[in-house]
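Asks: Here you go, one structure.
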There are 2 protein chains.
Amino acid sequence: MVTVKQHIGSADAALRQRAQRVIPGGMYGHLNTSRIAAGMPQFFSRAQGCYIWDVDGNEYIDFMCSWGPIVLGHGDAEIEQAAEAQRQLGDCLNGPGPVMVELAELLTATVRHADWAMFAKNGTDATSYCVALARMATGKRKILMASGAYHGTAPWCNPTTAGMLPDDRAHVLKFRYNDLESVRVAVAEAGDDFAGIVVCPFRHDVRFDQEMVDPAFARGLRAICDAAGAALIIDEVRAAFRLHHGGSWEDLGVKPDLSAWSKAMGNGYPIAAMLGTDAFRTAATQIFATGSFWFAAVPMAAAIATIKALKERNAVHVMEATGTRLREGLASQAEHYGLAIRQTGPVQIPFMTFANDPDFVKAEVFARVTAAHGAYVHPTHNWFLSTAHTSTDIDRALQATEQGFLAVRRQYGEG
Amino acid sequence: MVTVKQHIGSADAALRQRAQRVIPGGMYGHLNTSRIAAGMPQFFSRAQGCYIWDVDGNEYIDFMCSWGPIVLGHGDAEIEQAAEAQRQLGDCLNGPGPVMVELAELLTATVRHADWAMFAKNGTDATSYCVALARMATGKRKILMASGAYHGTAPWCNPTTAGMLPDDRAHVLKFRYNDLESVRVAVAEAGDDFAGIVVCPFRHDVRFDQEMVDPAFARGLRAICDAAGAALIIDEVRAAFRLHHGGSWEDLGVKPDLSAWSKAMGNGYPIAAMLGTDAFRTAATQIFATGSFWFAAVPMAAAIATIKALKERNAVHVMEATGTRLREGLASQAEHYGLAIRQTGPVQIPFMTFANDPDFVKAEVFARVTAAHGAYVHPTHNWFLSTAHTSTDIDRALQATEQGFLAVRRQYGEG
């Protein structure tokens, strides 16, 4: 079987061996290749547009976009220019630059529910601040979140319990995504201690088919929060700016009280944001939240340029078109090889799973062989498109995925 | 009285007015000028070396260094070159670059107790991970920290309780810095649930005179942790690379089990690190910690260049020399004006307070007038030097501080 060159003696293997000595387990977190699939590269050397290269020089059309941040393609000239212009002046200073005000103005003008903005570094910073703010503003403690949803690695929401305490999540209750009745049960359990609900714009849990939000569910959450005086928090970290140039639920007419943003907003530059309504403004002044690099000007300049470019380039429409081309191409190939697949979620944040593949072994073969032929996809986590992907890139990627399907068919047969 | 130009119509005032509309309270966090002193600028436009300029074009010799990160001066050519070379290849990719392994190797070679390294974005990320790791490795819950110490804004250590729950710090016990007996009391209270101690290399609490660590205290903490099988965690976030090119307690012969790093390690580029010993390596593989930008290559390239440059330029010695010149100059001026001051902490992370100034009103006048004459210092928080400060810069800054002392003397008289 074709695999990416990572045999003994490869640059990737050499780096892994060195990493084993100085990084626990050789790697950690969501980029840890041991969590992805055997035969996928761990270390990357460079990127441009929708192309990435691993340390052995293998080239891939990139369908992870650094797990979301790269929404306009790697090294986009316009964004890099804006960042460089600010960098020539200064980045991390004794106070913010004018770009902080400009970015807050741009976000409040862009996102319908946002009356104000604050900035941080991690998505986890943003979701955790929104939770603290819901508690501060309501004087209540219980936060409701969907089972299996990922809101970061803070103790209240870390997907594992290792190193965390039961006390850290003593006031977190779970519901099932798109199941209002399960929300009502959790609200009843919260009783008069119900501070808020944190929810993603669509269901994008790792190792599960994605699920678009039921508009009635979104509206129901809004009504439940309104009735209880609780905060509705949307975790936009993963979805933002790929579904809508403003908030992801704006077309549903559902306005959250608070929202958490990061990833795509700076096209790879490190930034996160908390947005909120006037009702939460005073409480927002009362919580002490800060970080050494939270006010750095370069990522803010990059974010301003990114948000403007997304609108000017009609980014959502562009990604919908290329995403549809990819989805239709994959569907046609799977059918040709007699393989049952499910493609779920928005076409611009696609995910594909195989039927009868509970342990994702087919998905891993598919990802590995597709990578070996020049397209990088993930077996168990949703993928991401950028505006840098052209129809030609999609068609080229489909040549790689065809080899992936062929390998699955050969190894596991039809079905 | 001379004040920095921020009258109505100034660029700073205009930005503050705009910020009031789109940022809760107009600003937040440690850079919020309303927490610093009236008359100090909120917004900065650019920086170079040890000089910063506010948005009205006022120039300052910078004694905050962005609150620590800028250790080699703003825009240091060598660091910017290293960052730019990596940026041309790529920053935020689908996996880390080779620089991650190089940086981990460099840190483990540089910091005596470190057998391994992990990276994050915020100092808070690093301290919180070390706490989680102490709990994971020991199976215990209680963490001891010094009263008034700042370890970040996570719920377990946030300096205020706004938005935080008692449960978040149910297993955090306090001791007094440099008071071993108070540590023993806390350890007794922790009983058989004692996971670890987190402590700064010296006492640098805001609004308090700084205090160097008593070597017997440092050794006592090590002995207490050894006896209990608990983790000794050093929070190096603020002090690192200004006291020592490795760990801040290395000259005391006290090795922590874990340490948290950020601020100065990338000369302004956003990065944090967790370092630890082999005994904690397995537990470190078990905690899920990650972030969208934690593996970005540019800050790692900047950190490699920074750590190498610090050694090559003999940075600690350079900052000790200029810090001593500043301290002696301030002492001489204060004496000349008949003002009693205290200068505490390391000369390269200086802090100055006035006698009989419990509310820091003299300190605020001093900071404001010194700023108006071209040197930026903080009234209630320690200051920072960089290697970019020359003797000439110190002497120039002392002309500004002389005006600050003069103003305090005129307003409050001798004493």
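Asks: Examine the stretch A:55-65 for a residue that is touching a helix residue (DSSP H, G or I) at 6+ places or on another chain (Cβ under 7 Å), over 30 Å from residue A:176 (Cα atoms), at the interface with another protein chain (Cβ under 7 Å from one of its Cβ atoms) and touching a residue at least 40 places away in the same chain (Cβ under 8 Å), and state whether such a residue exists.
Replies: Yes - at least one qualifying residue is present in the stretch A:55-65.
Asks: Hey, any hits in the stretch B:206-218 for a residue that's of a type in the set (Gly, Ala, Ser), closer than 19 Å to residue B:144 by Cβ and open to solvent by 10 Å² or more (accessible area, probe 1.4 Å)?
Replies: Yes; the residues of the stretch B:206-218 include at least one that is of a type in the set (Gly, Ala, Ser), closer than 19 Å to residue B:144 by Cβ and open to solvent by 10 Å² or more (accessible area, probe 1.4 Å).
Asks: I want to confirm something. Restricting to the stretch B:394-404 and keeping residues that are touching a residue at least 60 places away in the same chain (Cβ under 8 Å) and touching a helix residue (DSSP H, G or I) at 6+ places or on another chain (Cβ under 8 Å), which single residue is surrounded by the fewest Cβ atoms within 10 Å (Cβ to Cβ)?
Replies: Per the criteria, the residue is B:395.
Asks: Is there a residue in the stretch A:132-139 that is under 30 Å from residue A:375 (Cα atoms) and in contact (Cβ under 8 Å) with a residue 40 or more places away in the chain?
Replies: So far as the stretch A:132-139 goes, no, none of its residues is under 30 Å from residue A:375 (Cα atoms) and in contact (Cβ under 8 Å) with a residue 40 or more places away in the chain.
Asks: Now for a different question. Scan the stretch B:314-336 residue by residue and report those that are under 21 Å from the mean Cα position of the chain (by Cα) and surrounded by 15 or more Cβ atoms within 10 Å (Cβ to Cβ).
Replies: Within the stretch B:314-336, B:315, B:316, B:318, B:319, B:320, B:321, B:322, B:323, B:326, B:327 meet the criteria.
Asks: Looking at the stretch B:359-383 only, could you name the residues that are surrounded by fewer than 17 Cβ atoms within 10 Å (Cβ to Cβ) and among the acidic types (Asp, Glu)?
Replies: Once the filter is applied, which keeps residues that are surrounded by fewer than 17 Cβ atoms within 10 Å (Cβ to Cβ) and among the acidic types (Asp, Glu), the stretch B:359-383 yields only B:359.
Asks: Return the total of residues in the stretch B:98-107 being facing another protein chain (nearest Cβ under 7 Å) and either open to solvent by 30 Å² or more (accessible area, probe 1.4 Å) or basic (Lys, Arg) (or both).
Replies: Total meeting the criteria: 2.
Asks: Against the conditions (1) closer than 16 Å to residue B:99 by Cβ; (2) in contact with a helix residue (DSSP H, G or I) (Cβ under 6 Å, 6 or more places away or on another chain); (3) surrounded by fewer than 19 Cβ atoms within 10 Å (Cβ to Cβ), where does residue A:41 fall short? Just the number, please.
Replies: If we test residue A:41 against (1) closer than 16 Å to residue B:99 by Cβ; (2) in contact with a helix residue (DSSP H, G or I) (Cβ under 6 Å, 6 or more places away or on another chain); (3) surrounded by fewer than 19 Cβ atoms within 10 Å (Cβ to Cβ), just (3) comes out false.
The rows are residues; the columns are (1) in a helix (DSSP H, G or I); (2) open to solvent by 20 Å² or more (accessible area, probe 1.4 Å); (3) at the interface with chain B (Cβ under 9 Å from one of its Cβ atoms).
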position	(1), (2), (3)
A:125	yes, yes, yes
A:130	yes, no, no
A:148	no, yes, no
A:159	no, yes, yes
A:163	no, no, yes
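Asks: Please go through the stretch A:150-181 and give me each residue that is more than 17 Å from the chain's Cα centre (by Cα) and small (Gly, Ala, Ser), ordered by number.
Replies: A:162, A:163, A:170
Asks: All but one of (1) open to solvent by less than 10 Å² (accessible area, probe 1.4 Å); (2) without any contact (Cβ under 8 Å) to a residue 24 or more places away in the chain; (3) among the hydrophobic types (A, V, I, L, M, F, W, C) hold for residue B:197, so report the exception by its number.
Replies: (2)
Asks: Just wondering, is there one or more residues in the stretch B:241-255 that are part of a loop (DSSP other than H, G, I, E, B), in contact with a His (Cβ under 6 Å, 6 or more places away or on another chain) and open to solvent by 10 Å² or more (accessible area, probe 1.4 Å)?
Replies: Scanning the stretch B:241-255 turns up at least one residue that is part of a loop (DSSP other than H, G, I, E, B), in contact with a His (Cβ under 6 Å, 6 or more places away or on another chain) and open to solvent by 10 Å² or more (accessible area, probe 1.4 Å).
Asks: Considering only the stretch B:307-320, how many residues are more than 16 Å from residue B:77 (Cα to Cα) and without any contact (Cβ under 8 Å) to a residue 24 or more places away in the chain?
Replies: 2
Asks: Look through A:391, A:386 and report the one residue that is open to solvent by 50 Å² or more (accessible area, probe 1.4 Å) and farther than 19 Å from residue A:33 by Cα.
Replies: Selected residue: A:391, the only one of A:391, A:386 that is open to solvent by 50 Å² or more (accessible area, probe 1.4 Å) and farther than 19 Å from residue A:33 by Cα.
Here is a yes/no grid of residues against (1) in contact (Cβ under 8 Å) with a residue 40 or more places away in the chain; (2) in contact with a Cys (Cβ under 9 Å, 6 or more places away or on another chain):
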position	(1), (2)
B:251	no, no
B:254	no, no
B:258	yes, yes
B:261	yes, no
B:269	yes, yes
B:272	yes, no
B:285	no, no
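Asks: Just the residues that are farther than 30 Å from residue B:384 by Cβ, assigned to a strand (DSSP E or B) and within 14 Å of another protein chain (Cβ to nearest Cβ), please, taken from the stretch B:174-214.
Replies: Correct list: B:195 only.
Asks: Which residue out of B:190, B:186, B:228 is out of contact with any His (no Cβ under 8 Å at 6 or more places or on another chain), aliphatic (A, V, I, L, M) and open to solvent by 10 Å² or more (accessible area, probe 1.4 Å)?
Replies: From the options B:190, B:186, B:228, the qualifying one is B:228.
Residues are listed down the side, and each one gets a yes or a no for (1) part of a loop (DSSP other than H, G, I, E, B); (2) open to solvent by less than 10 Å² (accessible area, probe 1.4 Å); (3) not aliphatic (A, V, I, L, M):
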{"site": "A:56", "(1), (2), (3)": "yes, no, yes"}
{"site": "A:72", "(1), (2), (3)": "yes, yes, no"}
{"site": "A:79", "(1), (2), (3)": "no, yes, no"}
{"site": "A:82", "(1), (2), (3)": "no, no, no"}
{"site": "A:96", "(1), (2), (3)": "yes, yes, yes"}
{"site": "A:114", "(1), (2), (3)": "yes, yes, no"}
{"site": "A:119", "(1), (2), (3)": "no, yes, yes"}
{"site": "A:133", "(1), (2), (3)": "no, yes, no"}
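Asks: So, of the residues in the stretch A:276-287 that are open to solvent by 20 Å² or more (accessible area, probe 1.4 Å) and facing another protein chain (nearest Cβ under 7 Å), which turns out to be farthest from residue B:269 (Cα to Cα)?
Replies: A:281
Asks: Of the numbered conditions (1) surrounded by fewer than 23 Cβ atoms within 10 Å (Cβ to Cβ); (2) more than 10 Å from chain B (Cβ to nearest Cβ); (3) in a helix (DSSP H, G or I), residue A:87 fails exactly one; give the number of that condition.
Replies: (2)
Asks: Another question about this same structure. Mind listing whichever residues of the stretch A:86-104 are over 18 Å from residue A:120 (Cβ atoms) and not polar (S, T, N, Q)?
Replies: A:87, A:89, A:90, A:98
Asks: Of all residues in the stretch A:27-38, count the ones that are at the interface with chain B (Cβ under 9 Å from one of its Cβ atoms) and either over 13 Å from residue A:368 (Cα atoms) or open to solvent by 10 Å² or more (accessible area, probe 1.4 Å) (or both).
Replies: 6
Asks: Moving on to the next point. Pairs needed: first member in the stretch B:15-26, more than 8 Å from every other protein chain (Cβ to nearest Cβ) and among the basic types (Lys, Arg); second member anywhere, open to solvent by less than 70 Å² (accessible area, probe 1.4 Å) and part of a helix (DSSP H, G or I); C-beta distance under 7 Å; at least 6 residues apart or different chains.
Replies: B:16/B:26
The values are calculated or read from the model by the stated rules, or taken from the named source; none is laboratory data. Since this is a predicted model, take the numbers as computed values, not measurements. Virtual Cβ from ideal backbone geometry, glycine too; neighbours counted across all protein chains shown. Calculation scope for accessible area: heavy atoms of the full protein, side chains included, ligands and nucleic acids excluded. Shrake-Rupley method; radii C 1.70, N 1.55, O 1.52, S 1.80 Å.
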